[in-house]
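Asker: If you scroll down you'll find the structure; I have some questions about it.
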Amino acid sequence: MTAPTDRFAATASEPAIAPEPRRLAAIDLGSNSFHLLVANYQDDRLQVVARLGEKVQLAAGLDEDGLLGEDAMTRALDCLARFAPFLEGIGRRDLRVVGTNALRDAANSQDFIERAEALLGTRIEVIAGREEARLIYLGAAHAVAEDGRRLIVDIGGGSTEFIIGERFEPLALESLRMGCVTFTRRFFDSGEITEKRMRRAELAALSELANIRRPYQTIGWADPVGSSGTIKAAAAVIAAAGLGPEGVITRQGLLDLRKRLIKCKRLDKVAMAGLKADRARVFPAGIAILGAVFEAFALDEMRYADGALREGVLYDMVGRNSPEDSRLKTLDNLSRSYGVDGRQADNVASTALGLLDQVREAWELDDDQARFLEWGSRLHEVGLAISHSQFHRHGAYLLEYSDLAGFSRPEQRLLAFLVRAHRRKFPAKEWQALPTAERRSHARLARLLRLAVILNHSRPEQPPALPGLEADGETLHLHLDTSDEPNLLLADLEQEAGYQQAVGLPLTLTTR
């Protein structure tokens, strides 16, 4: 008797049909350049479909008050308009746009972000420096794909990232406030290139490096790798001059390149074989930073790897919302570090998600919002490790200003808002300070968390039975069976209805 066959399995005469590759896209809004990467992901590998980059020099558009000028915004938006056609057909979960140092620093970055989001039709996430470093390492590590401990250096327009790691795990992450655009404005603003100006730039970079030099050398590495446009350009110029092997920067080659730049005398006179014209003006500042890196870490050579932030964003996107999501490890570490009561966190999360399911359709809440409600529920008491008094404020501060691997600044802002808003008076001031597009959804999630916390106020062994909940616009109707409910719970809910009504968010209670 022959074994039964699965009717969905391929027969010997029918070759197995490979699944369609997943089309992914990332846009890196850097301080010097904007980059677009579109790739197919299949069999744990990326196959590039489109790769574009433009020198926007967003950081050069920051004035003395830290405001992005209209000219810089226009350059940036024009660039994104040229990127937009390459995003057609790519779903929301497969596209991520991240902003780095210039958007971290700009006092009016939200103005630009809202205009760019309207143009692209997707959310833009500003990421913290160490998160940028983590993603850079992920992209570079996949490009290198070799064992051993390595130092990754990425010189951007406004910041420079330093990472030590093994395989795909970073061991040290740092982002320093120095970049080829900001150093050009600071040390070469007159357009002159002199020995004195070059050394001043190098000394400023060495000062930034002083804080990490010793701890990084203590950890150690066997393989220095550079992953930025500055390092790629330096390697190309050195190779074109016959001063080193292709793709490698040697100490002597870097010193010779430095001398050649000083001989150019002016930024508008910088022209060398292997150097693209659109990078020439910021190249001397980039070489000053790179020279300081070689000096601080006593490097003899550094090789270039073609993989950085945008590649890291794509690889990180693949693991998101799965058991490999880097954010899960971060949240678990937070809970352990601050001694969060796991049972209470689980109970509140279970209740919050149960309430969300009842209003999901009426409030158009998606899986991503449910995920953040669960995470906010599990961390709502994180501030207790600091003080019982005002612990919701302490918890919010921790979540907004800590370096949380895997999280963008908007994501940290959402977690912080949920924790800040989970008890006492609804924080109207913080709510109104949120970007307009976030206010309604954030308030809805916060209201569900507040109810979940109240329903678990007695810290039961198991989450309580769910009351009925309906949403009619912004009005919530809570239906509670009071046959076995203590008067304390009813009093808490009545007070809560007053708190929400005070900020124009109606909550009605029906008992039976």
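Asker: Condition first: hydroxyl-bearing (Ser, Thr, Tyr) and in contact with a Pro (Cβ under 6 Å, 6 or more places away or on another chain). Can you find one or more residues in region 491-507 that meet it?
Answerer: The answer is no, given that none of the residues of region 491-507 is hydroxyl-bearing (Ser, Thr, Tyr) and in contact with a Pro (Cβ under 6 Å, 6 or more places away or on another chain).
Asker: List every residue pair whose Cβ atoms lie under 7 Å apart, where the two residues are 6 or more positions apart in sequence or sit on different chains, the first residue falls within region 212-227 and is within 9 Å of ILE152 (Cα to Cα), and the second residue, located anywhere, is in a helix (DSSP H, G or I).
Answerer: Short answer, once both residue conditions are applied: VAL225/ALA140; VAL225/VAL144; SER227/ILE136; SER227/ALA140.
Asker: I'd like to verify a number: residues in region 465-478 that are in a strand (DSSP E or B) and either at pLDDT below 95 or within 22 Å of ALA349 (Cβ to Cβ) (or both), how many?
Answerer: 6
Asker: When the residues of region 94-129 are filtered to those that are surrounded by fewer than 19 Cβ atoms within 10 Å (Cβ to Cβ) and basic (Lys, Arg), which remaining residue is modelled with the lowest pLDDT?
Answerer: ARG123
Asker: Just the residues that are out of contact with any Leu (no Cβ under 7 Å at 6 or more places or on another chain), not aliphatic (A, V, I, L, M) and not in a helix (DSSP H, G or I), please, taken from region 380-404.
Answerer: GLU381, SER387, HIS388, SER389, GLN390, SER402, ASP403
Asker: Here is a further query. Criterion first (in contact (Cβ under 8 Å) with a residue 24 or more places away in the chain and part of a helix (DSSP H, G or I)) does ALA118 satisfy it?
Answerer: Here the answer is no, as ALA118 does not meet what is asked.
Asker: Please report, ordered by residue number, the strands (runs of 3 or more DSSP E) entirely within region 145-186 with at least 2 residues that are under 20 Å from LYS55 (Cβ atoms).
Answerer: Where strands (runs of 3 or more DSSP E) fall fully within region 145-186 and carry at least 2 residues being under 20 Å from LYS55 (Cβ atoms), they are 149-155, 160-166.
Asker: So, in region 414-429, of the ones that are without any contact (Cβ under 8 Å) to a residue 24 or more places away in the chain and part of a helix (DSSP H, G or I), which residue ends up nearest to LEU309 (Cα to Cα)?
Answerer: For region 414-429, the residue satisfying everything is ALA416.
Asker: While we're on this one: Going residue by residue through region 276-292, is there one that turns out to be in contact with an Asp or Glu (Cβ under 7 Å, 6 or more places away or on another chain), of a type outside the set (A, V, I, L, M) and assigned by TED's automatic domain parsing to the domain that holds ASN211?
Answerer: Yes; the residues of region 276-292 include at least one that is in contact with an Asp or Glu (Cβ under 7 Å, 6 or more places away or on another chain), of a type outside the set (A, V, I, L, M) and assigned by TED's automatic domain parsing to the domain that holds ASN211.
Asker: I've got another one for you. Report the residue count in region 435-464 for those that are within 24 Å of the chain's Cα centre (by Cα), of a type in the set (A, V, I, L, M) and either surrounded by 22 or more Cβ atoms within 10 Å (Cβ to Cβ) or at pLDDT 95 or above (or both).
Answerer: 3
Asker: State all residues of region 216-255 that are of a type outside the set (A, V, I, L, M, F, W, C), over 25 Å from the mean Cα position of the chain (by Cα), assigned to a helix (DSSP H, G or I) and under 25 Å from GLY165 (Cβ atoms); if no residue qualifies, say none.
Answerer: Correct list: GLN217, THR218, ARG251.
Asker: I'd like the full set of residues that are surrounded by fewer than 24 Cβ atoms within 10 Å (Cβ to Cβ), of a type in the set (Gly, Ala, Ser) and either within 15 Å of ALA143 (Cα to Cα) or touching a helix residue (DSSP H, G or I) at 6+ places or on another chain (Cβ under 8 Å) (or both), limited to region 234-248.
Answerer: Matches in region 234-248: ALA241, GLY244, GLY247.
The values are calculated or read from the model by the stated rules, or taken from the named source; none is laboratory data. These figures come from a predicted structure and were not determined experimentally. Cβ atoms come from the backbone with ideal geometry, glycine included; neighbour counts cover every protein chain shown.
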